[in-house]
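As structure tokens, the structure follows; a few thoughts come after it.
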Amino acid sequence: MPLDANRPGVVLSPHPDDAVLSAFSVLVSSGPVHVVNICTALPTPGTLGTFDPVFGVTDSHALMRARLAEDVAALGVVGRTATNLDFLDDQYRTQPLSTEALRAALGPHLRGAGWLCAPAGIGAHPDHIAVRDVAVRLGRELGVQVLLYADLPYAIWAGWPHWVTGGPPNPRLVPEVRWRTDLDGVDVASTTDDLLPEPVALTPAEIDRKLAALACYESQFEALNAGPIDRLRNPRIIGFELRWAVRT
């Protein structure tokens, strides 16, 4: 489904970096596009989240400040900006993300939007699932087209499926099987009929820009890239994205 360049679009990013990681093809589309980052509140100084130690830090407050600055730089590569909402990341909370509070916070940012792009929830991160579910419901209520993007790096645990890259199928590897439980949670009548897959191949110029944007996330990139595995820069990974158009 081609994006309507005449109407503004909104990309929902559960955390700083998700939009660039997983919906870069949307960010570089023509027409107005705005990013809304959901979980960007600063944890209390001295806090150390459950996952943050993998980034080699001892203070999640300082890390989040760095991440926000990195996101500004990354989005600047494609001339986009973001609005940051005041929700804590799951690892800094003791309660689930409030869907009612999220609905209320998103409302003003969706007025006049022609389409909405949100995570599909692959990988079952609770923040991604909460944002997805609210996006699908709001899209239905507002009559706005909803697109769901395949969450990276979760979706490419064993590479893209052959029907995304256009390569030959591997009879011994069907990576999308591990997506099924996550996609079954999408609030539509049938994932088979109501989630329409749209593989996207980035151009060489877009690949270069995406790599430049990803490099801005200095605090995150080594972990997201799986260190020496270098998964995000793999030509069979970086050149492709996947989204689904939701038929509501």
Can you find a residue in the range 154-167 that is under 14 Å from residue 12 (Cα atoms), in a helix (DSSP H, G or I) and either in contact with a helix residue (DSSP H, G or I) (Cβ under 7 Å, 6 or more places away or on another chain) or basic (Lys, Arg) (or both)? no
Pairs returned, first residue in the range 203-228 that is under 22 Å from residue 62 (Cβ atoms), second residue that is aromatic (Phe, Trp, Tyr) and outside any loop (DSSP other than H, G, I, E, B), beta-carbon separation under 8 angstrom, 6 or more apart or interchain, are 214/221; 215/221; 219/55; 220/55; 222/55; 223/55
Scanning the range 118-131 for residues that are more than 16 Å from residue 35 (Cβ to Cβ) and not small (Gly, Ala, Ser) gives 122, 125, 126, 129
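Looking at 146, 200, 188, which is the one that is in a loop (DSSP other than H, G, I, E, B), in contact with a helix residue (DSSP H, G or I) (Cβ under 8 Å, 6 or more places away or on another chain) and either in contact (Cβ under 8 Å) with a residue 24 or more places away in the chain or within 16 Å of residue 23 (Cβ to Cβ) (or both)?
188
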Among 160, 115, 179, which is the only one that is hydrophobic (A, V, I, L, M, F, W, C), under 17 Å from residue 36 (Cα atoms) and crowded, with 20+ Cβ neighbours inside 10 Å? 115
Checking 85, 75, 110 in turn, the sole residue that is of a type in the set (A, V, I, L, M, F, W, C), more than 23 Å from residue 181 (Cβ to Cβ) and buried (at least 21 other Cβ atoms within 10 Å of the Cβ) turns out to be 75
Taking residue 221 as the residue in question, decide whether it is surrounded by 14 or more Cβ atoms within 10 Å (Cβ to Cβ), modelled with pLDDT of 95 or more, among the hydrophobic types (A, V, I, L, M, F, W, C) and out of contact with any Ser or Thr (no Cβ under 7 Å at 6 or more places or on another chain). yes
Of all residues making up the range 225-244, the number that are surrounded by 16 or more Cβ atoms within 10 Å (Cβ to Cβ), outside any loop (DSSP other than H, G, I, E, B) and among the hydrophobic types (A, V, I, L, M, F, W, C): 5
When the range 61-77 is checked residue by residue, the ones that are in contact with a helix residue (DSSP H, G or I) (Cβ under 6 Å, 6 or more places away or on another chain) and over 13 Å from residue 220 (Cβ atoms) are 77
Restricting attention to the range 1-58, and to residues there that are farther than 19 Å from residue 213 by Cα and among the acidic types (Asp, Glu), which single residue is surrounded by the most Cβ atoms within 10 Å (Cβ to Cβ)? 52
Residue list for the range 141-199, restricted to those being closer than 27 Å to residue 223 by Cβ and of a type in the set (Lys, Arg): 178, 180
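The values are calculated or read from the model by the stated rules, or taken from the named source; none is laboratory data. Values in this document were obtained by computation on a predicted structure and should not be read as measured data. Cβ atoms come from the backbone with ideal geometry, glycine included; neighbour counts cover every protein chain shown.
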